[in-house]
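Laboratory data are not the source of any read-out in this text; all were calculated from the coordinates shown. Bear in mind the structure is a predicted one, so any value in this text is a computation, not a measurement.
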Amino acid sequence: MNVLQQLINGVSLGSIYALIALGYTMVYGIVLLINFAHGDILMVGAYAAFFALGAIGTGPLGMFAAFIISMIICATLGITIERLAYRPLRSAPGLTPLLPPLR
């Protein structure tokens with residue numbers, strides 16, 4: 001039984017890693033800019049779902065609402081980051097996003 005549980009844990013953790021890697025690949029392939037904010041957005045989505053479950057409850061309706069609320073918050077945050085941080089960098093040279101700001 002312990003082996004089965006560890007197999008399920010490994011597959012779920014590997015799926016999360018694969019999803020994050022797919023996000024990095026898609027963003028770099030489409031926008032040609034490196035975006036390391038995926039972990040931050042994932043964390044905000046997890047907190048949003050956690051607080052939504054605390055407010056609504058952990059029943060089936062609460063789970064569905066938590067997923068929807070988390071998706072809306074993550075999409076809004078991703079669009080905001082893209083518009084404020086990455087859109088101005090599209091016309092800059094390729095390695096500009098990796099350089100630290102000058103003081």
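Values as computed for the structure displayed
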{"read-out": "The range 2-94: relative contact order as a whole-number percent, Cα under 8 Å and 6+ apart", "value": "24"}
{"read-out": "Stokes-Einstein D for the chain, Kirkwood Rh over Cα pairs, 37 °C, 0.692 mPa s (µm²/s)", "value": "203"}
